[in-house]
Every structure is written in structure tokens, then in C-alpha cells.
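Participant: Have a look at this one.
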Amino acid sequence: MTTRIGVVTFPGSLDDRDAQRAIRIAGAEPVALWHKDKDLKQVDAVVLPGGFSYGDYLRAGAISRFSPVMETLIDQAKAGLPVLGICNGFQILAETHLLPGAMLRNNHLHFICREQKLRVENAATAWTSDYEAGQEILIPLKNADGRYTADEYTLDKLEAEGRVAFRYLTDGPDADGYGNPNGSLRNIAGITNEAGNVVGLMPHPEHAVESLTGGGTDGLPFFTSIIKKLVSA
Amino acid sequence: MSRTPLDTVEHAAGTPDVEQPWAELGLSKDEYARIREILGRRPTGAELAMYSVMWSEHCSYKSSKVHLRQFGEKAPQSEAMLVGIGENAGVVDVGQGYAVTFKVESHNHPSYVEPYQGAATGVGGIVRDIIAMGARPVAVVDPLRFGAADHPDTRRVLPGVVAGISGYGNCLGLPNIGGEVVFDACYQGNPLVNAGAIGVMRHEDIHLAKASGAGNKVILYGARTGGDGIGGASILASETFDDAKPSKRPAVQVGDPFQEKLLIECTLEAFQEKLVVGIQDLGAAGLSCATSELASNGSGGMRVELDDVPLRDSTLSPEEILMSESQERMCAVVEPSKVDRFLEICEKWDVIATVIGEVTDGDRLEIYWHGGKIVDVDPRTVAHEGPVYDRPYARPDWQDALQADDAAKLPRPENADELRAQVLQLVGSPNQASKSWITSQYDHLVQGNTVLARTEGDSGMIRVDEETGLGVAIATDGNGRYAKLDPYTGAQLALAEAYRNVAATGAKPLAVSDCLNFGSPEDPAVMWQFVEAVRGLADGCLQLGTPVTGGNVSLYNQTGTAAIHPTPVVAVLGVIDDVARRTPVAFREEGQLIYLLGDTEPEFGGSAWSQVVHDHLGGLPPKVDLERERLLGEILISASRDGMVDAAHDLSDGGLIQAVVESSLEGGVGARLVVPDGLDAFTFLFSESAGRAVVSVPRSEELRFTDMCGARGLPATRIGVVDGDAVELQGEFTLPLAELREAHQGVIEGLLA
Amino acid sequence: MARVVVDVMLKPEILDPQGQAVQRALPRLGFEGISDVRQGKRFELEVDGPVDDAALARIHELAETFLANTVIEDFTVKVEEVAEAAK
Amino acid sequence: MARVVVDVMLKPEILDPQGQAVQRALPRLGFEGISDVRQGKRFELEVDGPVDDAALARIHELAETFLANTVIEDFTVKVEEVAEAAK
Ligand SMILES: Nc1ncnc2c1ncn2[C@@H]1O[C@H](COP(=O)(O)OP(=O)(O)O)[C@@H](O)[C@H]1O
Ligand SMILES: [Mg+2]
């Protein structure tokens, strides 16, 4: 039986089709989920895609968080359902407090779209097991509100528990994708919950699954990781 | 409301002598007289509102129409053309059952007044034109012109415009795959914000803006109607009909990209279920335009209940409702049996939708308000039979002196050091410098089909079909400096450059859209520029076999008597069978051979070199040879298809050195160049002769490639090799890539900081 | 030191997509009885020296030329008591 | 009908690049003597019915759970006199 991975479409979701394509390329079956439906259609995992749900009005993710689908999703995520939040999806996860912290306007105040070097800090989550810990990858990034912020206590706790999943790499030339693109504290690009089933990150792995259109395939392991995990489970 | 009686048709007929503010609404005395003649009575306030906006320059093309006809009259035979000029946007067959629609429009003036919202709503408007054809929008482009890069106001306008385009386009999920950024003092006070969009559909999904079938319902959906952009209407409303109103309404609208994204999705869903008979977007002139165009393009008449229009502001008068330019609205004609389903889809997407009228079997457009008939017109007279002017035009008396002031006489670099310094100066000048500060604010990846964007290729390219690799490419170009020196040639050079850019990536040019930005048509010199540019473009399109499918005219871009440079912006759309074969600009492999295609002559009029080094504009622009352009295009396309070249870059402003530096920086590999026989180093580097490109050829392909060029008669000169980490001109200078990058990057940010 | 607050709101006739989005979300959150929401910007300026008429006039000019675009926005300027110890 | 205003500002310890950008632009515009600028959001809520303690409590809750993200933002709620005839 093929693995079924849901992709939620909120009003204003943009990269939902891209997430579906990535899931397909990785070998699973993408299942479209609708924000007004509480029903998750018994999928094995869920991706909250990028975009500007509700136009990012108020705060990115603030309105989507109250969608019917999120009610179910929050409960099931707490019960272990694997959830990946990409960009706007990460912002939604932060607003629901499934992941700690918040995303603020980029420190340079602009939307930024670029290729970004990341280090995989935690290769033990449901979505990262096909990476090696410490592996450096190149993934596109595009957002206006990507500055990860949390208080010192939370940041220390995340570090201590190994829950910083991805970090922006800063020790190289800008032209090669190095640098902190938005002022995120401690160069944090993505984090995981304690159980490792909920992961959120600002960069877009679903845009790095075909070399023709994404400039590389470094994002594919996100999707192969989860498929392997689900198949072997 | 017991104030003045409602100005119904009946009331108007009975009160022929009421004073009407036609002049304040921008109508001439003759135009007002014509309206009275058409109606056989004075217009009601609502009718006057409709005629005045629809007969405005912006909506009626009254100064340009007589000339734009050439695009139809001289249109080349093209099997690709599915829908031509006259619809919201043209449609082109790209094969495999796909059709592509594309168009460029201007939003110049609003972007000067309120850069963010002006530019944002410009994107919104052009995207609605694309949806109205039945297509899913798949990409946007943004040709931009600003005042001098170091002028303080550019610091206000440029970041606002860029943020507006990025804020709106990114939020719609449309990759931005191309455009231009040009600085010139002539655009101070009149920045040009042109926006283009491309949409893809299956042939059978093409929709047109017409209301047919008596009994069919007219549905207005999207945002509520508010008091935006109705400066004119409030004159009507406040001074003639209701003195209590604020007398000025802002002429700038605030856009809501989120609402537009919902509009896209719900419209496409309605198309998919074949629920729509006719459709029209609401842009300039709002409901006046949508109702009169839908009605006049269809077979019957139309009856509209204006009271049913959902309002944001309940105090709006009927005139204001008719003229409002509130954004993010569309109008669909739907069969009665399908109305429920249509409304259901709108509800699914949280889009407000209301039946506001129906198609009738008469031939009148009738609009009712509070039970009274306030409009009763033949819609054709509103939408299509506006005034047409053949305005006087004359070659300005300064043209000769300008052309005589030949750039060839300017002092040239005297030694290798000066040559080197001028190369650095050129690649670091605002117009030639990297635009990454701007393009990095645009999402070029969303939708996952972008094959070329930013500096990767000479044109933007997107994949249309994931299975077959079918794709389309688009490039927009326009050089106001060339056009100022000679508008006829300038327009052809814009066309030639866009054509060449598309071919350089391996795509076959198919069709053209344009945005003609000029000063006041009431100035005979400007009018002459316009006439010449249109003639040049129409002749050029005929010769290249690429029909104009639609476009836009923006006039009155001037401050006082100072007009902008005539700026015809030309967009060329091309098709490629397999995007995997596209040719990028980057030099990537050391050892590959660099060939220069085409002939280089000492042509410096209007050149970047003359501007950057001497702040000079004079002489003649480069000569145009469209047969050569076509041949060059064919060679570039064949070379891409058969894998004979690894990189290709067209030569345009800045000449050969600019192109080579860009290809080297893009690929991170240098180039060793030699001045070919018969040329001096200066001309070799800086000439802007048209019809040229540089390519990098793998050694294994050299013979095949040169044979092909030889057999077809295209001059191909070996000028160097891809090598090292510097751009070197043998015997003259060496410029390390790091130094070039330093000069080329960061220029725009530096000016705006 | 004193604080001057400049509030910038879209003019009433101008569409306020953000305010609308907030308002439309309210019923879903179980909030009724709010008939309109408008969202604007609040600038808190810490002014060195006394906030006299001259200073206020300058801030008014700043608001008019820079903080707001009066084509689409209205603004108000007011001096605020800064309760020192308050959080 | 009454108006309740909710002001939302970033917590003082959180970097406010928007406010900073405004502040940095001031000298260029010829404004001196402003030592700090912070930019936040202002929400104007039009409330049907009386703004009694119960209503205010509800709006306070709305601000806390929705209008502000208290991980990063502080807020204040206040009732505003709506000058009826004023423009
Ligand atoms: N410069 C031009 N070149 C070609 N076609 C043009 C040009 N300007 C306007 N048109 C065509 O005239 C028609 C009316 O234009 P317009 O009123 O701008 O359309 P819309 O209201 O849909 O934006 C369109 O079909 C448009 O493509
Ligand atoms: Mg249109």
C-alpha cells in the first residue's frame, strides 16, 4: 500500500501543488486536504504548505490556525501524526504552539527569495532521517516573515534537547547561499517538537526535488524520510 | 433621500437644460454634444459618468486607435494566433492542445503617487485580464523605468514599487520570471511601471468577454464596491447631485492580493465545470466598462439592478458605483440553471457573489437604481464607438540636431588602463549593474515550473507540461534612448531585442504584446514619436512573422512640457518543445570556445557607453536588420535543440563586454578574449550593433556549429575561450571576477541606502 | 524625554484588507458584536527635549510627508504620558 | 456604537527593524532629536452595544489570543470616545 501524505490547502496557500508534486516524486500518494474539513482522510502524515494563507494578514499563520482542519490536526499531531510545516506551514505551527517561538518580519524588511545553505542538525526526526546529522544542504528560501524568535530560556531548551533541526550556514560567500537571511536568532531555520514528529522550517524543500526547476534535489530526503518511516512502521 | 430627484432617463428627457459637468469629467464640448446626439436627449448623471470614463484616453484609445489599427492591418499570417487584438488579452497556440495568453499593461501614474499600492494594483489588473481569458496565470514580468538612480525621489519610488509588485505577485503565487529596471532622469516624476502576465489553458477553455443568451444572469463577484478611484464621479456626485459629499475621492486604490488569489481559484473552478458563458474583469472604469463591453460584445442587451451591487460604503451614489475602480472584482455571465453551482463555488472560496442583472433580448444596456431607470444606452456607443482623433503630429525640429550630435565623435579611451576603467564603470553603472536587490524580492520558484528566471537566461522560461517538457519563454525590452533618437528604429530595436532574447534561450518566437509609454498626444512632437514607433513595430512584426496580440498605451507621461523618452516596451512570447534543452547565459565549462555571432560596426548612438562615460545622448541608434535577426534566431534555436551551444547571451546595451561579464559572473568562470581582425578593442567591447549574440561552444561541437553558421550565412567569429577566474582581453587588460563582481553587485542597494 | 504617538489609519473610504480579514475571522473565534475592524499603524517616537509646539509641528510634518501617505491615509499625532515604571 | 482601540507593540526586548528603518531615515529628512522609534499595530474595533466590563473583558481576551501574539507582542485595550460629527 502506498503511503498517503495529506497537503492542506488554506485560502491563500500557494505551494500546495508543489508539495504534492514533491510527495509524488518521492513515491508517495499526495492527498489534498481542505481547510474547512475536519476530516484528515486517514492520511499517514500531513504537510502544511507554504504560501500566504489569509494573505498573511494580522500575522502570518494567525488566522489559519483557527481553521477547522487545524482542530483535528493539533490533536493528532499531539498523538504522534507526522506533520511538516514549510514556511507558512511553520508559521501556522508556531501560532498553534505545536512548535515554540514566533516568526517576525525579516530584519531587512524585504521578502527574500534565494538559494540557502543549511545544516541538518537533527537527523532523527520523522522528516530528516534520510539526512546525516551535520549534512550541509542547499534549499530555496522565500518569505517576508522568517525571523525566528523565542526567549532565551526557550532557545536554550531547544538547543539542549537537540530540537534545532536546521540552521542557516553563515560561514561562506553570500553568492553561494551562505548567510543568515532574516535575522533568525541563533541562525535557526527549523525546529522539531520533542517527539520528533512535528517539524517546521522556513526554507522550501518541496522546491528542491527536481534539478530542472529547483536547482538541485537536496529537498527530496524530507519526503523519502517520512515514507521510509511510515513503510517500516 | 428627498434631495434632488433621481436623475432617471425620464427625468433627463424632461429637463434638457440642466447644466452638466462634462468638462470636469474630462469630456470636450464636442464629445458632450455627441453624447446628446446619440441619446437624442441629455444624458442622465449615470450615463454621463459612463460615457466620460469609457471615452477617456485610457479606456477609448481615442488618440492612438487610428494608428494601432496597423497591428491588425499589417499582421503577419500566423497559425499560432487564436485570439487577436480586441479581447482582454491575445491567445496563442503553443501546441499539444495548449494555448497561452499574455499581455503587458502600465500602471505608471498611480505608482508615482503611491508606489506600493500603485504597482501592486498594476499586477492585480493584468492578472485579471489573464483570468478573464479562461487561463490559469502562471507567471508575471515587470518592465520598470525610474528617474535618475541617485535622485532622492527614486529612493521613495523604487523600493515602494518593487515591494508592491513583490507583495502582490508573491501573494498570488505567480513566479516573477522577467522584466527590466532602467534609470533615466527623463522618468523623474513619471516612472513607468509596466506589468505583464502569462496564462495557460487548453484550447477548449478559451473564454471571451461577451454576454449572450437572453435570460442568462450577470454575476458580480469578488470584492465589495467602494469609493476607490472615482475622482471624476465624485465631481458628479458632489457638485451636481449631492453637495454634502466629500469632494475628492482618492484616485489610488489599495489592493488585496489575498482576495485576488481567491478570485483566481474560484474562477478557474467555475471554468472547469463549464459554468461561464462570458466573463470580464473589472479594471479601469469598473462596472461601466464591464457591463458595456459584455453587452456590446454579445448578441443581446443587458439589464442591471445597481441596488444589488454589494457595497463597502452605503453612501455611494449610482454614478460612483458605476465608476468605482475597486480592485479584485469580476463579472460573469451564467446560464440560469448554473447560477446556483456558480454561487456555491464562490461560497467555497469565501468570495462574495451577487446576481446583479441579466442578458435581455433587446439591444440596450439598461441600469436601474431605486426602481428608476438611470441608464438606457446602446452599449456599443459607450464601449466601442467613442471618439477617435487623428491628432496632428510633426517631426520635432530638434530631431535633426539630436541625430547630428554623433556619439562616434566622443573621446574614446586612449590606453589599456582607461579601457579597463571604463569597463568597470560600465558594469557598475546603475543600468548595467546587478538587479539582484530587486529580483531577490520576487518569488520566481512558486508553482514549481520555472526553468529560467532572473539572470539565468535571456528570457524567462516556464514549463507548461510536466510530462512532455513543453514550455514557453518571454522577454520584454525597450530602449527609450534609442527611441528618442529615432522612434521608428527604436521600436524595431525593442522588438528585435526581445525576439533575440527569446531565441537565445532556444525558444521559437511566436507573438508580441506591447506597452507604449509616451508623453502627451496633444504635443505634435510626442504624437510623431508615437506614430513612428507604432509604424516601426507593426512593420517589424510583419517582417518577423510575430503578430501583435494585444497591448496597452500609456500617454501623458510628462511633467510640464517635458515628456519621457518615447518608450515602447515590447514583449515577445516563444515556445520550446522541451525545456530541458533551454540555453542559459552562464559560461560553465573551461575550455569551451566563445563565438560572436553577427556583425559589429562602430555604433554608439544611444549606447550605454555614451551615457555612462559621457552622459551623452545623440546620433543614430544602431541599424536594424530583421532578416538578420530572424537568421540569428534560427541558428540559436537549432543550436539549442541539437546541443551545439552551452551558453548564449544576446548583445544589447553595454555591448559585448557587458554580455561576457554577465555570462562569466553567472557561471563563475572567466573568459579570455581576443579582438578579432578588422575591429579595434573599443568598438569590439562597446559597440551596440544589433543582431548579435555570444555563445559558448563545446570543442566537440565546434565544427558542426561553424558549418551550420557558414552554410546559413551567419557571421560567426571565434573571439576567445571560457577560462580562468578573470575576464581578460588579450594585450589589453585583465579583470578578476572578484573585482567585476564587486563593481557589479551592491550598486542599487548602495544608492538606496 | 517624552513620547509622541503617531497613529496612521487608512482613510475610511479606502479598502482595508487586513482589518477585513480580522473581522471576518471573529465569528469563527466565537466573537460577535463587532461590526467593523480597521487596522493601522502606530508609531511611538521618543523625543529628546521638550515636546513644545515647535516640536509637535515638526512631527506633524514628519507624519504628513513620511509616516503616512495622505493620498490613502489619515494620521493623528498625540503626546503620551510615559508612565515610567509601568510595564 | 462605541470604538475600542487595541494597540499592539513588539515587546521592548524584541528587535523592531521597521521602527529602526524609520528612525534611520529621519536625519536624511532633516529630522533630529528623535532617539527611538517603534512601529506597531493599531486596531479600531466598532462595538455594537454597550462597552461594559463584560465586553471589555471579551475584547481583552480577543487581543490576547488573536490580535497579539504574546510570545512577541504586548497590547493595550482602551475605549475611545467617538466624536460623532468630527471629520
Ligand atoms: N499598444 C497596443 N498594442 C496592441 N494592442 C493594444 C495596444 N493598446 C491596447 N491594445 C488592445 O486594445 C484592447 C483594449 O485595451 P484595454 O482597454 O487596455 O483592455 P483591458 O480593458 O482589457 O485592459 C485590448 O485588446 C488591447 O490588447
Ligand atoms: Mg480587461
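Participant: Any residue at all in the range B:116-129 that's within 13 Å of B:TYR442 (Cβ to Cβ), within 16 Å of ligand 1 (Cβ to nearest atom), within 14 Å of chain A (Cβ to nearest Cβ) and crowded, with 24+ Cβ neighbours inside 10 Å?
Facilitator: Within the range B:116-129, one or more residues are within 13 Å of B:TYR442 (Cβ to Cβ), within 16 Å of ligand 1 (Cβ to nearest atom), within 14 Å of chain A (Cβ to nearest Cβ) and crowded, with 24+ Cβ neighbours inside 10 Å.
Participant: Would you confirm, using the coordinates I've provided, whether B:VAL100 is more than 13 Å from ligand 2 (Cβ to nearest atom), under 12 Å from B:ILE130 (Cβ atoms), away from every other protein chain (no Cβ under 14 Å) and touching an Asp or Glu at 6+ places or on another chain (Cβ under 9 Å)?
Facilitator: Considered against the rule, which asks whether it is more than 13 Å from ligand 2 (Cβ to nearest atom), under 12 Å from B:ILE130 (Cβ atoms), away from every other protein chain (no Cβ under 14 Å) and touching an Asp or Glu at 6+ places or on another chain (Cβ under 9 Å), B:VAL100 comes out as yes.
Participant: While we're looking at this one, here's another question. Report the residue count in the range B:71-98 for those that are at pLDDT 95 or above and among the polar types (S, T, N, Q).
Facilitator: Looking only at that region, the number is 1.
Quick grid of which residues meet (1) β-branched (Val, Ile, Thr); (2) surrounded by fewer than 21 Cβ atoms within 10 Å (Cβ to Cβ):
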{"site": "B:ASP256", "(1), (2)": "no, no"}
{"site": "B:SER296", "(1), (2)": "no, no"}
{"site": "B:MET330", "(1), (2)": "no, no"}
{"site": "B:SER337", "(1), (2)": "no, yes"}
{"site": "B:ILE352", "(1), (2)": "yes, yes"}
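Participant: All but one of (1) assigned to a loop (DSSP other than H, G, I, E, B); (2) within 12 Å of chain B (Cβ to nearest Cβ) hold for A:ASP218; state the number of the condition that does not hold.
Facilitator: (2)
Participant: Testing B:ALA139 on (1) part of a helix (DSSP H, G or I); (2) more than 16 Å from ligand 2 (Cβ to nearest atom); (3) in contact with a strand residue (DSSP E or B) (Cβ under 6 Å, 6 or more places away or on another chain); (4) not charged (D, E, K, R), one condition comes back false. Which one is that?
Facilitator: (1)
Participant: It is to be established whether one or more residues within the range B:594-612 are more than 25 Å from the chain's Cα centre (by Cα), within 26 Å of B:LEU192 (Cα to Cα) and aliphatic (A, V, I, L, M).
Facilitator: So far as the range B:594-612 goes, yes, one or more of its residues are more than 25 Å from the chain's Cα centre (by Cα), within 26 Å of B:LEU192 (Cα to Cα) and aliphatic (A, V, I, L, M).
Participant: If you go through the range B:643-678 one residue at a time, how many are in a helix (DSSP H, G or I) and charged (D, E, K, R)?
Facilitator: So the count comes out to 2.
Participant: Now for a separate question. Determine the pairs where a residue that is touching a residue at least 12 places away in the same chain (Cβ under 8 Å), located within the range B:103-131, has a partner that is within 11 Å of ligand 1 (Cβ to nearest atom) and part of a helix (DSSP H, G or I) with Cβ atoms under 8 Å apart, the partner being 6 or more residues away or on another chain.
Facilitator: Listed pairs, sorted by first residue: B:LYS103/B:ILE126; B:LYS103/B:ASP129; B:LYS103/B:ILE130; B:VAL104/B:ILE126; B:GLU105/B:GLY125; B:GLU105/B:ILE126; B:GLU105/B:ASP129; B:HIS107/B:GLY125.
Participant: Please state which of the following conditions B:GLU522 fails to meet, knowing it meets all the rest: (1) surrounded by fewer than 24 Cβ atoms within 10 Å (Cβ to Cβ); (2) within 16 Å of ligand 1 (Cβ to nearest atom); (3) not in a helix (DSSP H, G or I).
Facilitator: Failed condition: (2).
Participant: Just to verify a result, which residue in the range B:58-67, among those that are within 16 Å of ligand 2 (Cβ to nearest atom) and not polar (S, T, N, Q), is nearest to the other protein chains (Cβ to nearest Cβ)?
Facilitator: B:HIS58
Participant: Consider B:VAL472 against the criteria (1) under 26 Å from B:LEU68 (Cβ atoms); (2) at the interface with chain A (Cβ under 8 Å from one of its Cβ atoms); (3) of a type in the set (A, V, I, L, M): it satisfies all of them except one. Which criterion is unmet?
Facilitator: In the conditions (1) under 26 Å from B:LEU68 (Cβ atoms); (2) at the interface with chain A (Cβ under 8 Å from one of its Cβ atoms); (3) of a type in the set (A, V, I, L, M), B:VAL472 misses (2) alone.
Participant: So B:LEU316 passes all but one of these: (1) modelled with pLDDT of 95 or more; (2) crowded, with 19+ Cβ neighbours inside 10 Å. Which condition number does it fail?
Facilitator: Unmet condition: (1).
Participant: In the range B:268-309, which residue that is among the β-branched types (Val, Ile, Thr) and not in a strand (DSSP E or B) is nearest to ligand 1 (Cβ to nearest atom)?
Facilitator: Among them, the one singled out is B:THR291.
Participant: Continuing with this model, one more query. Considering only the range A:60-170, give the helices (runs of 4 or more DSSP H) lying wholly within it that have at least 1 residues that are away from chain D (no Cβ under 14 Å), within 16 Å of the chain's Cα centre (by Cα) and crowded, with 20+ Cβ neighbours inside 10 Å. First the steps, then the outcome.
Facilitator: Values: elements: A:68-78, A:88-96, A:152-160.
Because the criterion is at least 1 residues that are away from chain D (no Cβ under 14 Å), within 16 Å of the chain's Cα centre (by Cα) and crowded, with 20+ Cβ neighbours inside 10 Å, the helices (runs of 4 or more DSSP H) in the range A:60-170 that meet it are A:68-78, A:88-96.
Participant: Just the residues that are under 19 Å from B:GLY72 (Cα atoms), within 15 Å of ligand 1 (Cβ to nearest atom) and part of a loop (DSSP other than H, G, I, E, B), please, taken from the range B:525-561. Break it down stepwise before answering.
Facilitator: First, pick out the residues of the range B:525-561 that are under 19 Å from B:GLY72 (Cα atoms): B:530-553.
Of the ones still in play, those that are also within 15 Å of ligand 1 (Cβ to nearest atom) are B:530-542, B:546-553.
Residues satisfying the conditions are B:THR546, B:PRO547.
Participant: Out of (1) free of Cβ contacts under 8 Å to residues at least 12 places away in the same chain; (2) touching a Gly at 6+ places or on another chain (Cβ under 6 Å), the odd one out for B:GLY560 is which?
Facilitator: (2)
Participant: Which residues, taken from the range A:17-27, are out of contact with any Phe, Trp or Tyr (no Cβ under 7 Å at 6 or more places or on another chain) and surrounded by fewer than 24 Cβ atoms within 10 Å (Cβ to Cβ)?
Facilitator: A:ARG17, A:GLN20, A:ARG21, A:ARG24, A:ILE25, A:GLY27
Participant: When only residues in the range B:448-458 that are within 7 Å of chain A (Cβ to nearest Cβ) and of a type outside the set (Gly, Ala, Ser) count, which is surrounded by the fewest Cβ atoms within 10 Å (Cβ to Cβ)? Can you show your working first?
Facilitator: Filtering the range B:448-458 for residues within 7 Å of chain A (Cβ to nearest Cβ) gives B:448-451.
Next, from what is left, pick out any that are of a type outside the set (Gly, Ala, Ser): B:449-451.
Details: B:ASN449: 25, B:THR450: 28, B:VAL451: 23.
Among them, the one singled out is B:VAL451.
Participant: Taking the conditions exactly as written (more than 14 Å from chain C (Cβ to nearest Cβ), within 30 Å of B:ASP578 (Cα to Cα) and away from ligand 1 (no atom under 16 Å from the Cβ)), does B:TYR32 satisfy them or not?
Facilitator: Considered against the rule, which asks whether it is more than 14 Å from chain C (Cβ to nearest Cβ), within 30 Å of B:ASP578 (Cα to Cα) and away from ligand 1 (no atom under 16 Å from the Cβ), B:TYR32 comes out as no.
Participant: Which members of the range A:196-207 meet the condition of being away from every other protein chain (no Cβ under 14 Å) and buried (at least 24 other Cβ atoms within 10 Å of the Cβ)?
Facilitator: A:VAL198, A:VAL199, A:GLY200, A:LEU201
Participant: Now, a different point. Sort through C:GLY40, C:GLY49 and tell me the only one that's at the interface with another protein chain (Cβ under 7 Å from one of its Cβ atoms) and at positive phi.
Facilitator: C:GLY49
Participant: For the range B:313-346, give me each residue that is touching a helix residue (DSSP H, G or I) at 6+ places or on another chain (Cβ under 9 Å) and within 14 Å of chain C (Cβ to nearest Cβ).
Facilitator: Scanning the range B:313-346 gives B:ASP313, B:LEU316, B:SER317, B:GLU320, B:ILE321, B:MET323, B:SER324, B:GLU325, B:SER326, B:GLN327, B:GLU328, B:ARG329.
Participant: Against the condition within 16 Å of ligand 2 (Cβ to nearest atom) and of a type in the set (Ser, Thr, Tyr), how does B:SER28 come out, does it pass?
Facilitator: Taking the combined requirement at face value, the residue does not satisfy it.
Participant: Output the number of the condition that A:ASN193 fails; it satisfies all remaining conditions of (1) within 14 Å of another protein chain (Cβ to nearest Cβ); (2) within 16 Å of A:VAL47 (Cβ to Cβ).
Facilitator: (1)
Participant: Of the conditions (1) out of contact with any Ser or Thr (no Cβ under 6 Å at 6 or more places or on another chain); (2) in a helix (DSSP H, G or I), A:ILE227 fails just one. Which one is it?
Facilitator: (1) is the only condition that A:ILE227 fails.
Participant: To continue, here is another question. Of the residues that sit in the range D:4-35 and are assigned to a strand (DSSP E or B), at the interface with chain C (Cβ under 9 Å from one of its Cβ atoms) and buried (at least 16 other Cβ atoms within 10 Å of the Cβ), which one is modelled with the lowest pLDDT?
Facilitator: Checked the range D:4-35; the qualifying residue modelled with the lowest pLDDT is D:ILE34.
Participant: What's the number of the condition B:LYS435 fails, among (1) within 13 Å of another protein chain (Cβ to nearest Cβ); (2) in contact with a strand residue (DSSP E or B) (Cβ under 9 Å, 6 or more places away or on another chain)?
Facilitator: So the condition that B:LYS435 fails would be (1).
The values are calculated or read from the model by the stated rules, or taken from the named source; none is laboratory data. Keep in mind it's a predicted model, so treat the numbers as computed, not measured. Every residue, glycine among them, receives a Cβ derived from its backbone with ideal geometry; neighbour counts consider all protein chains shown.
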